[in-house]
Amino acid sequence: MEETLEKPDKPVSQKKPKMTFESKGRTVYYQLQDKIFKYFALAATSLGLIVLVLLLYSVFSSGFDRLDWDFITSLPSKRAAKAGIYTAWTGTLWIMFLTTIIAFPIGVSAGIYLEEYSSRSRMSNLIEINIANLAGVPSIIYGLLGLEVFARFLNLGASVLTGSLTLALLILPIIIVSTREAIKTVPYTLREASFALGASKWQTIWNQVLPASVPGIITGVILAISRAIGETAPLIVIGALTYVPFAPTSPMDEFTVMPIQIFNWVSRPQKAFAENAAAAIIVLLSITFVMNAIAVYLRHRSQKKVKW
Amino acid sequence: MIKNSLVLAFSAAVLFSCGGSSDKTTSSTDSTSADKYEGGNTLKIDGSSTVYPISEALAEEFREQAPDARITVGLSGTGGGFKKFVRSEIDLTGASRPITASEDSAAKANGVVYFEIPVAYDGLVVVVHPNNDWVKSITVSELKKIWEPSAQGKILRWNQIRPEWPNQEIHLFGAGTESGTFDYFTDAIVGKAKSCRGDYTASEDDNVLVQGVSTDKLSLGFFGYAYFSENQERLKLLPIDDQNDANGKGAITPSAATILDATYQPLSRPLFIYATKKAYEKALGKDFLNFLVEQSPKLVPETGYIPFDVETYKLVKDRLVAGKTGSLFLTLKSTVGVDLKAELKK
């Protein structure tokens, strides 16, 4: 072992190893393979980081100067220097809040049902396959569904509620799948212990299984919400607006969101609007980072409490 | 602790979803301060992304005289805007092309009567890289030779267009097939809307095209005039000769003046806002449309487009007052080379 490490550049041939050194040659080969894979994995990891750093650099260098309190509290405007994102970020927060409230209970309940109650039947297999497929449906399709069902058939119009319902549908499959994965990690012995003490199935789920799987569920939900607040296409389809001079005050109000405002500014000819877009991207990224931080904190806190 | 927070989350969810559903029946948008405007203080504008900057500017400035009005602007595109317009889901829609016959009959079927309001001119420019020293101007038939469908895979070098140009590749940049810009350019140059070669770099975002042309010495591209005026130092503008001396001799360089006096042809087009008659009959709608025709000469240039002369806006207003509804372009078919003032007078 020591010897081979000292001579790592010794030529090694896999095809014709010398009989006597066969095992040694193999070891060197495997070590080389190990190293190559290690550096490949390192390169793959750093690629993601480099892209993030480049993105942050380009966004901050062009948008940071534009970012001030006025920008956060002003209405959109034809003058880039006067324009702000007040209605956009309030719209995004409304959407985020309502979407969570709609998707969280439904998604978690569905996950619990599929994992704990449903028996292995053809029907449940069919449901599972469909949920997995739904997770891969392009978001604009959900927008068309939302437009027809919520905006037109239920007559909710292009309201915050329509947008939230549409995005809730979009992220339901993600929440269901992550809930199921989280529940699966709870050891079966825990349930058996609970049953042995005379607990009913519901008591077992509520007092044992759910608390133990909360970290996984919350991580899944927050990642799903992070995806939802970056969506533009389905919201444009349901009729979300671009210029709204008032912040929503009820779920039935019309609204705009940050990605739509950013998209609009990026496509304008005047360069000052591109700076506005960069500044708005910083704000949107901050919202996402704060949400991820909350997810990490909640996960950490509840992990400490789970002891078995 | 966890149990409690879960219970809280679930009960909050139930509470809120009930709250949401009970709101369905009431429409809260009309309830506040509707006193000043009879017939409601909301006005919904949607439509083309090209017209959007104009709608936004008008909505923003109108707030100064009517702070209570709730005017919103969406961005569904010309076609998407008309779809909502003919269903009366919106009051006004911006369009970078006139209404089509099928959209007009959909409006009729739904009982939607509308006004057609030309608001501004938009020029399309043909540009090359600033270091391109061989092209001084280009004719419409040369542009047609480059862009017509049969050029695909064949017209690939500069000297195929004019023999004295260098024997080097030509790299083409243009609007994507979904945009009104593409429809107009192909209609004006090739002679048939949407008829175009497919092997060029296409983007719906004109900023991408600016970037493409300004970094490639062998490039040629077309896009909206506003995108040229914001990037003048990075692009070279080509004068265009439409080979028709009746509207200006030789090659004409696009500018606010040549677009307005219709000598820069055929690549200048009118932009429209369509308004339902119902919206005009409401106090707010009437105020807003009057504001539109009065303030456009001042506001349109700020958005990068070219306003009509005052007389044209007056003709537009006369049509509103006289209640002349419907589109001029159902019979004219195309906006290429149209004399707007003469048509409005009819």
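Taken together, the values in this text are just the output of simple stated rules run on the coordinates, not laboratory data. Quick caveat: nothing in here was measured; it's all calculated off a predicted structure. When we count neighbours, we look across all protein chains shown, and the Cβ atoms used for this are built from the backbone with ideal geometry, even at glycine.
Couple of notes before you dig in:
- Remark on segment A:151-273: hydrodynamic radius 17.5 angstrom, per the Kirkwood mean of 1/r across alpha carbon pairs.
- Flagged links, alpha-carbon separation over 24 Å, of B:LYS44/B:LYS317; B:LYS277/B:LYS341; B:LYS84/B:LYS324; B:LYS277/B:LYS314; B:LYS249/B:LYS345; B:LYS44/B:LYS192: B:LYS249/B:LYS345; B:LYS44/B:LYS192
- Label-point separation, A:PHE60 to B:GLN211 (7 Å along Cα→Cβ), nm: 2.1 nm
- In whole angstrom, chain A maps to an equivalent ellipsoid with semi-axes of 44, 34, 18, each derived as √(5λ) from the alpha carbon gyration tensor and ordered largest first.
- Within 10 Å of each Cβ in B:41-48, the average number of Cβ atoms from other chains: 2
- FRET efficiency estimate (nearest 0.05) - Cβ-Cβ, B:LYS298 to B:ASP339, R0 25 angstrom: 0.55
- On the basis of the beta-carbon distance and an R0 of 30 Å, A:LYS82 and B:GLN232 show a calculated FRET efficiency of 0.80.
- Paramagnetic reach from B:GLN160 in segment B:172-195 [backbone N under 12 Å; point 7 Å along Cα→Cβ]: B:172
- Exposure proxy order (Cβ contacts within 10 Å, fewest to most) of A:VAL214, A:VAL283: A:VAL283, A:VAL214
- Angstrom value of the Kirkwood radius, inverse mean 1/r, which spans all Cα pairs in segment B:193-294: 16.9 Å
- Within a Gaussian network of chain A (alpha carbon springs, distance under 10 Å), most fluctuating of A:ALA228, A:ALA168, A:ALA43: A:ALA43
- Residues of type aspartates and glutamates that B:LYS194 reaches as a straight line, Cα spacing below 17 Å, ignoring anything fewer than 8 places off in the same chain: B:GLU148, B:GLU178, B:ASP183, B:GLU204
- Likely footprinting exposure, B:SER296, B:SER137, fewest C-beta neighbours within 10 Å first: B:SER137, B:SER296
- Whole-angstrom Cα spans of segment B:123-260 along principal axes, big to small: 37, 32, 31
- A Cβ-based charge dipole, computed about the Cα centre of chain B with Lys and Arg at +1 and Asp and Glu at -1, lands at about 800 debye.
- Most positive-pole-ward Cα, B:THR177, B:GLN265, A:ILE140, against dipole of the protein assembly as shown from beta carbon charges: A:ILE140
- Scanning chain A for long hydrophobic helices, with DSSP H runs required to stretch 20 angstrom or more by C-alpha along their axis and to average at least -0.5 on the Kyte-Doolittle scale, returns A:22-63, A:86-112, A:160-184, A:210-229, A:271-305.
- Remark: spin-label model distance B:GLU61-A:ILE50 equals 5.0 nm, labels positioned 7 Å along the Cα→Cβ axis.
- Binning the C-alpha pair distances of chain B at 10 Å intervals from 0 yields a P(r) profile of 5, 23, 29, 19, 13, 7, 3, 1, 0 %, listed from the shortest bin outward.
- Number of partner chain Cβ atoms within 10 Å, mean per residue of A:68-81: 2
- Among residues other than B:LEU124 with Cβ under 12 Å from its Cβ, the summed charge is -3 (Lys and Arg +1, Asp and Glu -1).
- Once the Cα-Cα distance is subtracted from the 0.36 nm per residue extended length, the B:ASN131 to B:THR177 segment shows a gain of 13.7 nm.
- Magnitude of the charge dipole for the protein assembly as shown, about its Cα centre and with charges confined to Cβ atoms of Lys, Arg (+1) and Asp, Glu (-1), is about 2060 debye.
- Efficiency of FRET between B:ASN167 and A:LEU154 - r from beta-carbon atoms, R0 60 angstrom, step 0.05: 0.40
- Hydrodynamic radius by Kirkwood, which averages 1/r over all alpha carbon pairs of the protein assembly as shown, in angstrom: 28.7 Å
- Modelled spin labels at B:SER150 and A:ASP70, positioned 7 Å past Cα toward Cβ, are 5.9 nm from each other.
- For segment A:139-183, radius of gyration divided by Kirkwood radius, i.e. Rg to Rh on alpha-carbons: 1.12
- The alpha carbons of segment A:217-308 occupy a box of 59, 32, 22 Å along the principal axes, longest dimension given first.
- Phi angles across segment B:252-267 convert, under the Karplus curve 6.51 cos²θ - 1.76 cosθ + 1.60 with θ = phi - 60°, into 3J(HN,Hα) values of 10, 7, x, 7, 4, 5, 6, 6, 5, 8, 6, 8, 7, 10, x, 9 Hz, Gly and Pro given as x.
- The GluC sites (Glu not before Pro) of segment B:155-198 that DSSP puts in a loop, and whose beta carbon has at most 16 other beta carbons within 10 Å, are B:GLU164, B:GLU178.
- Label point at A:LEU93 placed 7 Å out along Cα→Cβ; residues across segment A:158-181 whose backbone nitrogen lies under 12 Å: none
- Only one residue of B:PRO301, B:ALA120, B:THR78 has its Cα farthest out toward the positive end of the dipole of chain B, where Lys and Arg carry +1 and Asp and Glu -1 on Cβ, and that residue is B:THR78.
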